[in-house]
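This report concerns only the one structure given below.
Values quoted throughout were computed directly from the atomic coordinates according to the rules given, and no laboratory measurement underlies them. Since the structure is predicted, the reported quantities are computational estimates derived from the model, not experimental observations. Quick reminder, even Gly has a Cβ in these numbers, built from the backbone with ideal geometry, and neighbours come from all protein chains shown.
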Amino acid sequence: MKKSNSKSTKKPEIPLTSLIKPDLTSPKSLKSNSIGKEKEENKINVIYWHRTDLRLKDLPALNKLLNKNENEIKKINNFWPIWCFDPNYLYKHRVGLNRWNFLLESINNLSLEYKKLNKNQKLWVLRGKPFLIFKKLIKDWKITHIVWEKDSNAYSKIRDEKIITLAKELGVEIITTPGRHLYDPDEVIKANKGKPTMTLHQWQSITSKMKDIDKPFPAPESIPDPGPSDLKDHHEENWGEYEGIDLNADVRTGKDTCFDSLTGPSDDPFSVPTMEQLGFPPATTTIHGGTIEGYRRLKLFLSDPEKVSTFSKPHSAPTSLEPSTTLLSPYIKFGCIGIRELWWGCKEVVEKWRKNGGKGETKEPENMFGQLQFRDMYACAEAAIPNFERIRGNSICKYIDWSLQNQYDKNGNEILPRPKDEKDEQAEKRFEAWKKGETGFPWIDACMRQLKYEGWIHHLARHSVACFLTRGQCYISWERGMEVFDEWLIDWDPASNPGNWMWLSASAFYSQYFRVYGLVSWPQKTDKTGELVRKYCPELKDFPDKYIYCPHLAPLTIQEKSNCIIGKNYPFPILNEQLEKELCISKLKDSYKLNFNGNHLEVLNGNVNKKLKELHENNGNTHFKKSEENEKKRKAKGEGALDKFIKREKK
DNA sequence: CCGTCGTTGAACTT
DNA sequence: AAGTTCAACGACGG
């Protein structure tokens with residue numbers, strides 16, 4: 001900190017025109033309205049708050065600041081790019097080791113990128129609640145402008161609104177620009193009369209009337225110096241009151257223990273913490289963060305015109321050891337790469353491919369563009385719908401009487417952490433087995449173990465495990481699965497994750513609940529040898545291909561030969577796939593018939609389960625009997641999964 | 001009200 | 001390998 005202070009006194013005053021190449025697509029600059037006090041007004045102290053954009057290229061918010069400055073103010077006096085570890089956020093989301101690691105690598109990398117442009121610069125890392133931090137920084141660093149990329153996520157909106165109010169009170173200007181998505185979700189919702197976009201087609205028809213997606217914004221060529229950056233640590237300090245709240249009380253009293261200081265270690269203030277400093281063991285993932293790595297992967301993808309042009313998500317293999325997709329999602333999630341660079345990069349490549357007579361070009365929705373549009377569609381749904389990440393109070397989420405749903409007190413407040421459901425011991429057991437990767441279904445177990453180990457699984461593998469947990473077999477609330485993905489996925493996204501869980505559980509977006517992924521037949525479509533299972537469930541690695549997805553059907557002699565006894569070295573399946581599937585479908589049918597969404601009065605009252613139980617009893621008993629009869633018939637005929645596989649093999 | 005369509009199923013037929 | 005049927009929902013456009 002001392003170093004940068006002494007250097008900042010000899011600050012070269014960089015004209016802003018040299019900071020960035022002119023960009024014709026960017027908004028016109030505002031006119032000056034402060035001619036009288038020009039000299040004073042012309043000097044501005046700026047914080048750029050990085051949240052969803054850990055890169056230096058294609059930053060619309062930075063571009064807006066610099067363009068605006070060109071005419072209005074001329075010079076940035078001091079400039080601090082910051083990152084803020086927000087304990088509220090970290091408590092809300094149980095961020096797992098691999099995502100932590102990816103984040104730390106990404107902010108580290110961004111800090112180095114700043115240093116490359118200005119050796120006095122870095123990413124200034126702070127630890128604490130953003131509102132409190134800004135209250136302090138605005139005063140101590142004499143901040144006049146705060147810049148950030150707009151975030152329409154529910155939590156971010158509340159957090160940012162508080163800071164916008166504070167800034168208004170203190171006369172600080174906030175410059176915020178959308179940039180995280182192809183289109184600003186709030187604008188799309190406005191164009192859709194306040195309603196969420198519930199189908200891709202709907203999203204497309206609305207955005208087709210809006211102006212085209214921005215071209216990528218250029219990177220700055222240089223970065224101004226920071227100012228004197230001394231900040232007293234906040235342990236014992238009283239930060240005063242705001243709205244009657246003692247601002248620093250949580251830290252002083254030790255209630256807020258997420259980070260023990262505002263600026264980090266005293267010998268290296270504002271530094272990026274290491275996993276070790278945070279008390280974490282090393283991450284297990286082989287996927288590494290950073291804008292350099294992100295652009296390397298983007299370039300690699302774009303260098304293969306055939307792959308880009310014929311990309312088809314539904315036909316990519318979830319079973320392969322090497323990812324069959326781009327693996328760009330974590331870099332998009334953390335903003336290590338710009339979404340406009342990916343979009344226009346692909347457009348350019350596909351156009352060239354088409355001109356050169358390339359064959360087999362794919363179209364939306366399964367192609368690359370469709371995938372990015374789906375991401376936007378979920379963001380637009382999330383931004384428009386309160387309680388998007390839960391069932392209760394969610395207006396688009398079909399109510400289904402899942403086991404292990406969120407629990408609420410009499411006032412409708414969620415009880416956290418969720419108490420174990422003693423009455424539903426079977427569901428708790430199924431959930432634990434699913435999470436641990438010990439269901440006895442190798443395909444599910446391999447996916448769940450890969451998810452925990454790598455922080456990433458193929459999109460279709462996510463479908464498979466999500467379908468199994470919810471509408472397929474286990475009949476467990478998607479809220480539970482969503483939480484596990486929140487903890488383990490590196491590329492976790494606040495809109496896509498709940499959105500996809502609702503999709504896969506047929507709670508919203510998708511309704512064909514009778515289409516259930518087979519636990520044996522489905523992975524066999526893309527890999528009969530089970531290489532993913534052999535890697536992540538090594539106890540099964542010696543089984544012949546025939547039994548790799550259904551080892552419990554192997555005769556004991558083969559189990560012995562394969563050095564793995566089912567029920568001893570690997571679990572026997574926790575449930576009967578076909579029977580549970582039929583039960584689930586019949587129950588889903590009842591819920592669809594009732595047709596209550598999460599915001600229905602009977603759901604809020606807690607009366608809905610009684611109603612559904614009645615339906616299950618009236619219709620369900622016959623369904624149940626039917627299912628059991630079917631099961632008996634299957635057994636009599638010997639139509640297990642293995643028999644089907646053998647039949648197919650003979651062909 | 002009806003017909004069509006919907007990113008990614010499974011089993012069967014040709 | 002590609003097409004059909006199964007059983008059947010909701011959004012959307014007419």
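Placing a pseudo-label 7 Å from each Cα along the Cα-to-Cβ vector at A:LEU278 and A:GLU306 gives an inter-label distance of 4.1 nm.
Karplus-derived 3J(HN,Hα) values for region A:141-151, using 6.51 cos²θ - 1.76 cosθ + 1.60 with θ = phi - 60°, are 9, 6, 6, 10, 9, 10, 10, 8, 7, 4, 9 Hz; glycine and proline are entered as x. The packing ranking of peptides A:463-471, A:529-537, A:204-212, A:594-602, highest mean first, is A:463-471, A:529-537, A:594-602, A:204-212, where packing means the average number of other beta carbon atoms within 10 angstrom of each residue.
Relative contact order, whole percent, for chain A stands at 15, derived from Cα pairs under 8 Å and 6 or more residues apart.
Shape class of chain A from the Cα gyration tensor (axes a ≥ b ≥ c, square roots of the eigenvalues): prolate, since a/c reaches 1.5 or more and a/b is larger than b/c.
Compared with the alpha-carbon gap, the fully stretched path from A:ARG515 to A:LYS363 is longer by 52.4 nm at 0.36 nm per residue. Separation of the alpha carbons by more than 26 angstrom is noted, of A:LYS150/A:LYS195; A:LYS64/A:LYS355; A:LYS129/A:LYS232, for A:LYS64/A:LYS355. When the Cα gyration tensor is reduced to axis lengths a ≥ b ≥ c, the ratio a/c is 1.5 or higher for region A:422-650, and with a/b not above b/c it is classed as oblate. Highest mean packing first, where packing is the average number of other Cβ atoms within 10 Å per residue, the peptides A:335-345, A:111-121 line up as A:335-345, A:111-121. Using the Cβ of A:ASN109 as centre and a radius below 14 Å, the other residues enclosed give a net charge of +3, where K and R count +1 and D and E count -1.
Within the shell defined by Cβ-Cβ distances under 14 Å, the residues around A:LYS452 carry a net charge of 0, with Lys and Arg each +1 and Asp and Glu each -1. The string of couplings for region A:493-510 from the Karplus curve (6.51, -1.76, 1.60, θ = phi - 60°) is 10, x, 9, 5, 5, x, x, 5, 5, 5, 4, 5, 8, 6, 8, 6, 6, 9 Hz, one whole number per residue in order, with x for Gly and Pro.
If you count the DSSP beta bridges with both ends in chain A, what percent of them are antiparallel, to the nearest 5? Could the numbers behind the result be given before it?
Values: 4 of 26 bridges.
Antiparallel bridges make up about 15 percent of those DSSP assigns within chain A.
Rounded, prolate or oblate, given the Cα gyration tensor of region A:291-384, with a/c below 1.5 counting as rounded?
Rounded.
Return the subset of A:LYS307/A:LYS352; A:LYS333/A:LYS436; A:LYS398/A:LYS587; A:LYS528/A:LYS581 for which the Cα-Cα distance in this structure is over 19 Å, preserving the input order. Violating the 19 Å Cα-Cα cut-off are A:LYS333/A:LYS436; A:LYS528/A:LYS581.
Taking a 29 Å limit on the Cα-Cα distance, which of the listed pairs A:LYS313/A:LYS610; A:LYS162/A:LYS193; A:LYS452/A:LYS568 fall beyond it? Before the final figure, lay out each step's value.
Numbers: A:LYS313/A:LYS610 41 Å; A:LYS162/A:LYS193 26 Å; A:LYS452/A:LYS568 23 Å.
Check vs 29 Å cut-off fails for A:LYS313/A:LYS610.
Rg then Dmax, both in Å and based on the Cα atoms of region A:104-260: 19.4, 56. With the convex hull constructed from alpha-carbon coordinates only, region A:393-485 shows a mean projected area of 6.7 nm² over all directions. Under a cut-off of 12 Å between alpha-carbon atoms, report the aspartates and glutamates in cross-link reach of A:LYS589, not counting same-chain residues fewer than 8 places apart. Partners within reach: A:ASP401. Close amide H partners of A:TYR570, meaning residues 5 or more places away or on another chain with modelled amide H under 5 Å apart, are A:ILE565.
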